[in-house]
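What follows draws every value from the coordinates through simple rules; no lab data is involved. Note that the structure is predicted; figures quoted are calculated from it, not measured. Backbone-built Cβ (ideal geometry, glycine too); neighbour counts: all protein chains shown.
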Amino acid sequence: MLSKSSANPVSSEGVQPSQLTKETIASGYYNHYARKIRIATEFVNQILTKSIFGCVIFSAKFNISHTEKVSNWLLEACFMKKVLILTEGEFEDLELMYPYYRFQEAGYQVVVVGPKAKETYKGEHGISIKSDLAPEDVNMDDYVAVVVPGGRAPDGMRLNKSLVQLIKNASRKRRVIAAICHGVQLLIEAGVVKGKRMTCYMSVATDLKNAGGIYEDKSVVVDGNFVTSRFPDDLPDFCREILRVLEKKAVKKVSD
């Protein structure tokens, strides 16, 4: 696995986030209202990596009657800011590495999933990456999104029943599913494209339409939880829209 920052923010009380449990956080929230405001604000600022939308939501929604609701949202936001990126041999290097770093920059923990855990996979242009998990190890409840890069990798991914099932599970749980270039091949195999507006590499367009998808030749297409793009030049639009959809879902969770 490529190296990640080991920085671990600490609250003003010297408590490591990894030591915080639902019970201890809840206790602080419910028993000490003044202390709750200070700790919860730091919690948002540090654990959510100073995400503007997280702070705004918290400030707008925080009131005494919604104490439990907000604390539950904070817990979920902390432990759910994880994104899966799928890999297989001969992935398109930019289409994997660009999201890999972009989502870390935005405060997400990125977990790489390949057919086998702790296996090194090489891209079409020579970049290698090591998987963290095999698809059988993934609990989809722990993740907010799945990203499928292109290249020749999706052709192998769609032959792996566990990777196909992972996409089915993500769709059933309404996680954000993002695919670029040939990545749509895996979505087609999982049977989740019917009636959905999507884009992809032009050579896959006929396959997409035959599977019931609605093909659009745009840099990025968003339809519900699905975000798709065509090729590496679309990556800025692709990642921007994935993050936008994730933020929108976070807003909805708090307002519901």
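Extension gain for the segment residue 142 to residue 202, taken as residue separation times 0.36 nm less the Cα-Cα distance, is 18.3 nm to one decimal.
Considering only DSSP beta bridges with both partners in the range 142-256, what is the antiparallel share in %, to the nearest 5? The antiparallel fraction comes to roughly 30 percent. Working from label points 7 Å from Cα in the Cα-to-Cβ sense, the residue 124 to residue 216 distance is 2.5 nm. Sites listed here are trypsin sites (Lys or Arg not before Pro) in the range 155-256 whose DSSP assignment is loop and whose Cβ has at most 13 other Cβ atoms within 10 Å: 173, 174, 194.
Under the classification rounded if a/c is under 1.5, otherwise prolate if a/b is larger than b/c and oblate if not, where does the range 81-255 fall, given a ≥ b ≥ c as square roots of the Cα gyration tensor eigenvalues?
Because its axes are fairly even, with a/c under 1.5, the range 81-255 counts as rounded.
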